[in-house]
Number of protein chains: 2
Amino acid sequence: MTITASSAVPYESTADLGLRLALSAQTADSSVTPNAEFRRWFTAQRRSKRYDVRRIPFAELAGWHFQDGTGNLVHESGRFFSVEGLHVRTSWNGQEDSWTQPIINQPEIGILGIVVKEFDGVLHCLMQAKMEPGNLDTVQLSPTVQATRSNYTGVHGGSAVRYLEHFVPPNRGGQVLFDSLQSEQGAWFLRKRNRNMVVEAVGEIPGHEDFVWLTLGQLYGLLHEDNVLNMDARTVLSQIPSGVGGGHPLHSLWEVLTRLTEVKARRELVQRSIPLANVSDWRRTDDEIAHEAGQHFSLIAADIRAANREVTRWSQPLLAPAEQGLAAFLVRRVAGVPHLLAHARSEAGVLNVAELAPTVQCQPGHAQSLPTESRPRYLDLVLGAPRDQVLFDSVQSEEGGRFHYATNRYQLVEVGDEFPLDVPEEFIWVTADQLGGLLQHSNYVNIEARTLVTALRATGAMRG
Amino acid sequence: MTITASSAVPYESTADLGLRLALSAQTADSSVTPNAEFRRWFTAQRRSKRYDVRRIPFAELAGWHFQDGTGNLVHESGRFFSVEGLHVRTSWNGQEDSWTQPIINQPEIGILGIVVKEFDGVLHCLMQAKMEPGNLDTVQLSPTVQATRSNYTGVHGGSAVRYLEHFVPPNRGGQVLFDSLQSEQGAWFLRKRNRNMVVEAVGEIPGHEDFVWLTLGQLYGLLHEDNVLNMDARTVLSQIPSGVGGGHPLHSLWEVLTRLTEVKARRELVQRSIPLANVSDWRRTDDEIAHEAGQHFSLIAADIRAANREVTRWSQPLLAPAEQGLAAFLVRRVAGVPHLLAHARSEAGVLNVAELAPTVQCQPGHAQSLPTESRPRYLDLVLGAPRDQVLFDSVQSEEGGRFHYATNRYQLVEVGDEFPLDVPEEFIWVTADQLGGLLQHSNYVNIEARTLVTALRATGAMRG
């Protein structure tokens, strides 16, 4: 693939893209896929497509074994992912900490891509009803394409990925609207990232029974429901502005970047891969690698059977969190413009020390068991928020291909003018537009924050 | 440190900063430090300050040892840096490669900072005559502050870092003009980066005999000389635009980012830390860890004595390259605007798969020994360029605190309109302004390219 001067179409010059996105965002029902029809289709998908997921001992995993010497859990191909150990040392304002933990290492960069196309003058997204073994309800809505490198280069011997041609050379038609690498769960993945793409298709796109066309407005509606839009759908959607202007920010983008740089430089985060066998405080049994106090997460093995995935039966490790997580932004209007209180958060496996995260992100049961001074800042405020201050509240699943029943409760909690604008140095007030701008780059906004950026757009609160 | 809404001064709003930088860039001599006076001072500095650098066996290193089990070369404090092993696997367009090598792991983020201040209406940079053991001529001009985290937190027991207060809370006065994390040599460092800062001081700045105030124009002049501006000075200078507009780019910034994202996603780069003892094709003797064919680099140990550094005698490992490197951009004018042919280059220790690098970056002796099809693309063109097409040509030293006599020949080679704009997919034409814009973020432009961005400004060629 080469781009010549003449064929290069700078998307910034398509001045009407913002208007087209705004129209799609404000279109809550569709002539192509009316809401009622979507509901019938989605219910049928969920009814007909089930995985039989059965926990098995590690010894029964096909193709996986604990590596001699390291004890790492690896696949015989040397591909996919592995479970390894990580030693982490942190230091922040004189407070030092260190620990070891298991972590998923998946160095490949996959593609998460949504094909968009105008119907009756309104942009629609092509969404897939995708089965994933770790999902609540098995089937959730995914991007058009959700493919690991192993998937799309055929390492696992499965069938071709439908619609992949829109996202890879040499046949990629259409106009790439958004394209960036974005991080995934830093607490569970070592430096994992995927390519998030949105491509506007040209010409006829053949339909398929597992796919539907939905407007941004329809997708925003579905985000208010629990466990409908999968994690990959949410991260790709976060790349797409809702086209509704956010207003003047409290801090310039330059100030936001400097604040984050300050934290990255002064907070020490030293990551060292270690053999899984050397992880302390975790115990491996025949069918589980678990934290001794039952905290954080465990690793289990599962045998999975189904009819219509790329391969019909396989087994794999899955990460099972100890409890449902909480990810919440405090939201305060400044001169009428909603601002999110972002936290420069470091997690064990983050690529570059810290990313902008929700104000509060934790496992709340464990967090509440800590002494007051060790609890995440603002946790009590979020947990105690009166109902009428909660702008958004739903439970969403994380990566059902790697995690077992991993859910977070996502909340936007509005605070009033009495809440200070002057905040501790690892926090900063940002607008959704600013976060959206940073999403053109990589590793600025973590995946939980990205779901909540989309949530803010979905509430319509951005209209001021 | 907290920033309130009122105290926040967005630097974008200082509309005259560009003009002030342009004035400094065009001021080739200074009333504060006239060129003749600088020359006398610098000669005296080089005459009076010498290190006695003596190669020693590893066994004589004080505080350093080869760790049991891994064979990693580590410091007893667990700080500073270590020499470890790295296994690298790459894949690009079906071509696979893998190797192991020693690599320097220094996870700390240090500060490289220049204090600037107006004298007689012209911005000047406060530069230090700094001794470094691996430097050619020992003394080179460094930023005002060049401090590892160990330096400025006092881990090595040395004296305080002069002028550090301009760069760290809580006393930081002045206006931060530029502030970002930037990568260092990816072939030799594992994910290393430092914080690059430029701060405009307010009030009186006490002078010191080891420091001088120089205009951007003076510094540009010095960049044409060999081994005067050290690596850290060059990387911080690259953050500072010359204030002279670059004109309309061939590709939008969005196209540049998409091209880089495409390469990052499709090129596989899997890095795995391994024990230094397990690195193959390298041999450790009493006083050297060297590649069996004498290629790439070797690690040596040195005993260093001097009078005026932070500590007066110490020993440390140093990395000694096998030969002088070459870093060259092809430059082509497009509608009068100089464009650099950037290469999306992956190196063993890079943080995020690839960064924009010079068109050609290699050890040319080794590269020329390769069969034609394996040589770096455009190498022959650079090596064979007629003298009148070479816009810039000087030899510069890399990090004298880690490397021994590591130099690169930096060149800008102009090509004519017959050179195609349509280039292979891992290359892209960019303007210096575009690279400058990307330097507000991290890990987009590698350190060799950053020296050449400054070089292009220094040639004045950007004026079109």
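Points to keep in mind about this one:
Conditions (1) over 23 Å from the mean Cα position of the chain (by Cα); (2) crowded, with 24+ Cβ neighbours inside 10 Å; (3) at pLDDT 95 or above, marked per residue:
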{"residue": "B:Leu381", "(1), (2), (3)": "yes, no, yes"}
{"residue": "B:Gln396", "(1), (2), (3)": "no, yes, yes"}
{"residue": "B:Gly416", "(1), (2), (3)": "yes, no, yes"}
{"residue": "B:Pro420", "(1), (2), (3)": "yes, no, yes"}
{"residue": "B:Pro424", "(1), (2), (3)": "yes, no, yes"}
{"residue": "B:Val430", "(1), (2), (3)": "no, yes, yes"}
{"residue": "B:Gly437", "(1), (2), (3)": "no, no, no"}
{"residue": "B:Ala455", "(1), (2), (3)": "no, yes, yes"}
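- Residues (of a type in the set (D, E, K, R) and touching a residue at least 12 places away in the same chain (Cβ under 8 Å)) located in region A:404-463: A:Arg409, A:Glu414, A:Asp417, A:Glu425, A:Glu426, A:Asp433, A:Glu448, A:Arg450, A:Arg457, A:Arg463
- Here region B:196-218 is the region considered, the condition is being in contact with a Leu (Cβ under 6 Å, 6 or more places away or on another chain) and under 25 Å from B:Leu438 (Cα atoms), and the residue that is most open to solvent (accessible area, probe 1.4 Å) is B:Glu200.
- Residue within region B:355-374 that is under 14 Å from B:Thr451 (Cβ atoms) and open to solvent by 10 Å² or more (accessible area, probe 1.4 Å) present: yes
- All of A:Leu219, A:Leu177 fail the test of being part of a strand (DSSP E or B) and touching a helix residue (DSSP H, G or I) at 6+ places or on another chain (Cβ under 7 Å), apart from A:Leu177.
- Per the listing B:Thr258, B:Thr312, the residue uniquely among the hydroxyl-bearing types (Ser, Thr, Tyr) and within 14 Å of chain A (Cβ to nearest Cβ) is B:Thr258.
- Selection status of B:Ala290, part of a strand (DSSP E or B), more than 10 Å from chain A (Cβ to nearest Cβ) and surrounded by 22 or more Cβ atoms within 10 Å (Cβ to Cβ): no
- When residues of region A:263-284 are limited to those that are more than 9 Å from chain B (Cβ to nearest Cβ) and in a strand (DSSP E or B), the one surrounded by the fewest Cβ atoms within 10 Å (Cβ to Cβ): A:Arg283
- Among the residues making up region A:440-459, a single one is within 14 Å of chain B (Cβ to nearest Cβ) and of a type in the set (A, V, I, L, M, F, W, C): A:Val445.
- Subset of region A:423-439 (residues that are within 13 Å of chain B (Cβ to nearest Cβ), farther than 12 Å from A:His343 by Cβ and out of contact with any Leu (no Cβ under 9 Å at 6 or more places or on another chain)): A:Leu439
- Residues (surrounded by 19 or more Cβ atoms within 10 Å (Cβ to Cβ) and either over 21 Å from the mean Cα position of the chain (by Cα) or farther than 25 Å from A:Gly437 by Cα (or both)) located in region A:158-189: A:Val161, A:Tyr163, A:His166, A:Val168, A:Trp188
- Filter result for B:Leu222 (more than 30 Å from A:Met197 (Cβ to Cβ), more than 14 Å from chain A (Cβ to nearest Cβ), surrounded by fewer than 22 Cβ atoms within 10 Å (Cβ to Cβ) and modelled with pLDDT of 95 or more): yes
- Answer from B:Arg39, B:Arg46, B:Arg20, B:Arg54 - the residue that is part of a strand (DSSP E or B) and either of a type in the set (S, T, N, Q) or modelled with pLDDT of 90 or more (or both): B:Arg54
- Looking across B:Ala233, B:Ala301, one residue alone is part of a helix (DSSP H, G or I), more than 14 Å from chain A (Cβ to nearest Cβ) and surrounded by 20 or more Cβ atoms within 10 Å (Cβ to Cβ). It is B:Ala233.
- Members of region B:66-89 that are open to solvent by 30 Å² or more (accessible area, probe 1.4 Å) and in contact (Cβ under 8 Å) with a residue 60 or more places away in the chain: B:Phe66, B:Gly69, B:Thr70, B:Ser77, B:Arg79, B:Phe80, B:His87, B:Arg89
- Of the strands (runs of 3 or more DSSP E) contained entirely in region B:105-152, those carrying at least 1 residues that are open to solvent by 10 Å² or more (accessible area, probe 1.4 Å) and at pLDDT 90 or above fall at B:111-119, B:122-131, B:145-147.
The values are calculated or read from the model by the stated rules, or taken from the named source; none is laboratory data. This structure is a prediction, so every number in the text was calculated from the model and none was measured. Counting neighbours? That spans all protein chains shown, and the Cβs are built from the backbone with ideal geometry, glycine included. Ligands, DNA and RNA are excluded from the accessible area calculation, which covers all protein heavy atoms including side chains. Shrake-Rupley method; radii C 1.70, N 1.55, O 1.52, S 1.80 Å.
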